[in-house]
Amino acid sequence: MTSATVGTIDIVAWFVYLFSAVMFVVGLHFMNSPKTARKGNQISAFGMVVAVLMAFVVLFAKGFVNIVAVVVLVVGILIGAVAGVVSAKKVKMTDMPQLVSVFNTVGGGAAALVALNDILTKDGTPDIVVLITAGLGILIGSVTFTGSLIAAGKLQGIKWVKKLALPGKGVWNILFAVLSIASLVMLCVQPEQRLLWSILTTVFALCYGLVFVIPIGGADMPVVISVLNACTGTAVAMSGLAIDNVALIVAGALVGSAGVTLSILMAQAMNRPLISVLAGGFGGGSGAAAAGDGPEGTMKETTPDDLAVQLVYAEKVIFVPGFGLAQAQAQRELADLGELLKNHGVEVSYAIHPVAGRMPGHMNVLLAEANVPYEELVDLEEINPQFPQANVALVVGANDVTNPAARRPGTPVSGMPILDVDKAQNVVVMKRGRGMGYAGIQNELYFEDNTQMLFGDAKKSLQAVIAAVKELLA
Amino acid sequence: MPTLVVSITLFVLALLIGIEVIGKVPATLHTPLMSGANSIHGIVIVGVVIVAAEANSPLAYVFIFLAAVLGTMNVVGGYVVTDRMLEMFKSNKNEKKGESK
């Protein structure tokens with residue numbers, strides 16, 4: 001291969017990667033609206049396919065040192081593709097947030113591996129730029145790897161992951177942060193010892209990822225995943241700087257800043273600064289202490305038949321869906337009930353808390369799946385003034401986002417904006433059991449005078465209510 | 001090909017574009033968006049292909065194999081799962097066209 005053709009293909013590749021980067025930006029832009037969002041994702045995927053094909057064209061055009069590497073590469077890609085498609089196709093709607101976190105885990109791992117490879121397997125001592133950028137790629141990628149894994153475990157509800165606790169959590173955070181950064185600095189100072197220092201950087205950063213996420217409560221996981229997503233993007237951009245590739249730099253930086261922006265928006269929705277979320281303020285206290293401070297009084301129970309009567313004779317009903325709805329897979333039943341009531345002349349709307357479920361927009365996706373018209377899903381600010389006019393507020397599996405304790409200072413949920421469900425004339429809460437929400441405290445709403453509880457699986461309860469409503473309307 | 005100065009310029013400009021693009025996305029689309037952005041950083045697979053060209057040691061093969069598996073899983077799975085989420089918005093989009101205010 002002559003040097004002239006090598007030069008040409010490099011220029012072609014540069015513009016093709018630029019084209020892919022533009023596709024990513026356009027794709028993200030189209031995700032602004034539900035109408036174009038799917039197209040946006042497809043545009044972005046198209047850009048990705050083009051970039052990967054270009055990388056292979058360059059690989060074969062410019063040649064490679066050893067065929068084994070190419071075989072290993074292709075086999076790895078095939079395995080990864082099958083694993084990705086199978087897990088993405090098989091996952092239930094309720095488990096999607098975990099899966100996103102798992103994909104983030106593997107992405108962070110891949111970025112760290114590319115950076116490690118760059119430092120460890122090249123002949124000769126890498127220059128300082130490579131050491132800094134690849135070092136940062138290793139550090140950030142490793143933090144994301146373990147952090148996202150723990151986040152996924154917490155969302156999946158794996159018991160031993162949820163129970164993980166660290167005495168003196170702040171100390172560990174600082175310790176591993178300092179150790180991993182110190183190793184990174186040593187890597188740059190003593191490049192001849194790069195094997196030792198890069199391994200230490202990796203190990204300490206992996207530990208930091210663990211101690212960073214373990215103390216953070218499950219309710220804050222969406223924000224954490226978004227932050228880690230941004231970290232992976234940055235790690236990829238750093239790896240891109242290390243190997244001098246425009247596609248990695250631009251796409252990584254794009255995801256990095258987009259992820260940070262998204263995290264800030266999510267934290268804002270919970271009315272808490274991002275920093276305090278990451279410091280692990282939520283649910284940090286022990287469950288036992290919080291339970292002791294629980295509200296006094298008794299919960300009143302109701303029956304599906306009773307609820308049906310209330311709903312049929314109401315003028316305005318507000319549904320308040322939460323994670324319980326997703327868990328019970330009851331979105332279709334809730335939509336059917338809404339349809340029935342609407343046809344009967346009852347005004348029905350769905351109150352969507354920005355962090356209801358396990359991720360922002362979780363409820364929207366779920367209800368969209370059940371064909372609930374987009375217009376009936378109402379945001380927090382818009383729906384809250386409407387609660388006093390509602391005859392019935394039906395809470396299905398939502399907990400912390402309805403807890404009036406958030407209006408008082410000094411509770412784990414304090415300061416979080418809530419849905420003013422307690423202001424509705426009657427409140428009925430569908431709940432699986434008497435357990436607590438993710439914040440680890442009892443919901444004061446359940447003890448209010450105007451609140452009735454309907455315990456049981458949301459799907460079965462809703463089916464019973466639908467049957468009762470049909471009977472009343474017949 | 002680019003010099004470090006150009007690369008850092010690109011990095012900073014891309015950061016700004018990311019902020020600008022996300023600033024406009026409604027909360028309802030945050031989950032698919034996070035998932036979509038998540039698949040974009042699967043671009044790391046391009047990096048894996050590039051380093052594979054120079055790989056010539058067992059250690060490098062191990063790195064490349066693992067990175068290829070993880071990176072591809074990220075990118076392929078990410079796009080498929082995002083598409084599944086967004087598919088659900090499509091079904092009600094057709095219905096609501098007539099009644100939108």
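Brief remarks follow.
- Point-to-point label distance, A:ASP449-A:LYS62, nm (Cα→Cβ direction, 7 Å offset): 7.6 nm
- If you sort the three axes of the alpha carbon gyration tensor as a ≥ b ≥ c, you get a/c of 1.5 or more for the range A:93-168 and a/b above b/c, which makes it prolate.
- Point-to-point label distance, A:VAL71-A:LEU166, nm (Cα→Cβ direction, 7 Å offset): 4.3 nm
- Taking every alpha-carbon pair within the protein assembly as shown, the share separated by more than 36 Å comes to 37 percent.
- Close Lys pairs in the range A:1-137 (alpha-carbon distance under 29 Å; sequence gap of 8 or more, or different chains): 7.
- Average partner coverage of A:38-50, which counts Cβ from other chains inside 10 Å: 5
- 19 Å Cα-Cα reach of A:LYS159 towards aspartates and glutamates, excluding residues that sit fewer than 8 places from it in its own chain: A:ASP95, A:ASP220
- Packing, taken as the mean count of other beta carbons within 10 Å per residue, orders the peptides A:54-63, A:200-209 from highest to lowest as A:200-209, A:54-63.
- Dividing the mean sequence gap of close Cα pairs (under 8 Å, 6+ apart) by how many residues the range A:1-84 holds gives a relative contact order of 29 percent.
- DSSP-assigned coil residues among trypsin sites (Lys or Arg not before Pro) in the range A:369-441, each with at most 14 further Cβ atoms within 10 Å: A:ARG432, A:ARG434
- Using θ = phi - 60° and Karplus 6.51 cos²θ - 1.76 cosθ + 1.60, couplings along the range A:45-60 (whole Hz; Gly, Pro as x): 5, 4, x, 5, 4, 4, 5, 5, 4, 4, 4, 6, 4, 4, 4, 7
- Taking 7 Å steps out from each Cα toward its Cβ at A:LEU472 and A:SER414 produces label points 4.1 nm apart.
- Average beta carbon contacts from partner chains per residue of A:83-92, 10 Å cutoff: 6
- A:LYS316 long-range amide H proximity, modeled H, under 5 Å: A:GLU347, A:ASN391, A:VAL392
- For the range A:121-126, 3J(HN,Hα) per residue [Karplus equation, 6.51 cos²θ - 1.76 cosθ + 1.60, θ = phi - 60°, Hz, x = Gly/Pro]: 9, 7, 6, x, 7, x
- Model label zone, A:LEU53; criterion: amide N under 18 Å from point 7 Å along Cα-to-beta-carbon; scope the range B:28-66: B:43, B:45-47, B:49-50
- Lys, Arg +1 and Asp, Glu -1 on Cβ, resulting dipole of the range A:101-284 about Cα centre, debye, nearest 20: 800 debye
- Restricting the range A:295-397 to chymotrypsin sites (Phe, Trp or Tyr not before Pro) in coil, as DSSP defines it, with at most 13 other Cβ within 10 Å: A:TYR313
- Legend: residue pairs A:LYS163/A:LYS300; A:LYS300/A:LYS460; A:LYS300/A:LYS459; A:LYS431/A:LYS470, Cα-Cα distance threshold 27 Å; pairs beyond threshold, A:LYS163/A:LYS300.
- Over chain A, Cα pairs under 8 Å with separation of 6+ residues give a relative contact order of 13 percent.
- Point-charge dipole on Cβ atoms (K/R +1, D/E -1) for chain A, about Cα centre, debye to 20: 980 debye
- Between the Cα long axis of helix A:331-343 and the first principal axis of chain A there is an angle of about 40°, rounded to the nearest 10.
Here, each number is a calculation from the coordinates, and none is a lab measurement. Small disclaimer: the values here were computed from a predicted structure and weren't measured. All Cβ positions, glycine included, derive from the backbone under ideal geometry; neighbour counts span all protein chains shown.
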